[in-house]
Amino acid sequence: MEKSISKLRIAERKKVIVKRIEKLEQFILEENTNSLARKAFEINLRHLREEHKELEILERSLLNEEA
């Protein structure tokens, strides 16, 4: 039960991250975004992608434990 809750939370967090990544990529591509804001978006985007990778690794390790 606890593992299924953890997997559910991981999946939910990954969905949130993907939505935020999409929005940030959209803002970065807009021509009217100033350079300072664009740089902040890029940094945030990098951190979100790293967190997404970590969640995928955690998710795989939970799946391996079940097998």
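Which is the longest run of the chain containing none of the GluC sites (Glu not before Pro) found in DSSP loop states (not H, G, I, E, B) with at most 12 other C-beta atoms within 10 Å?
Answer from the scan: 32-67.
Through the Karplus equation 6.51 cos²θ - 1.76 cosθ + 1.60, θ set to phi - 60°, convert the phi angles of the stretch 50-63 into ³J(HN,Hα) values in whole Hz; use x for Gly and Pro.
For the stretch 50-63, the Karplus curve yields 5, 4, 4, 4, 4, 5, 5, 5, 4, 4, 5, 5, 5, 5 Hz.
Full extension from Ala11 to Glu25: what is 0.36 nm times the residue separation minus their Cα-Cα distance, to one decimal in nm? Let's see the in-between values first.
Numbers: separation 14, 0.36 × 14 = 5.04 nm, distance 2.10 nm.
This chain segment gains 2.9 nm when fully extended.
In vacuo Debye scattering of the chain, one point per C-alpha: log10 I(q)/I(0) at q = 0.12, 0.29 Å⁻¹?
-0.41, -1.19
For the chain, what number of Lys pairs, 8 or more residues apart or on separate chains, have alpha-carbon atoms under 24 Å from each other?
Close lysine pairs found across the chain: 17.
Values in this text are rule-based calculations from the coordinates and carry no lab data. Just so we're clear, the structure is a prediction, and the values are computed from it rather than from any experiment. All Cβ positions, glycine included, derive from the backbone under ideal geometry; neighbour counts span all protein chains shown.
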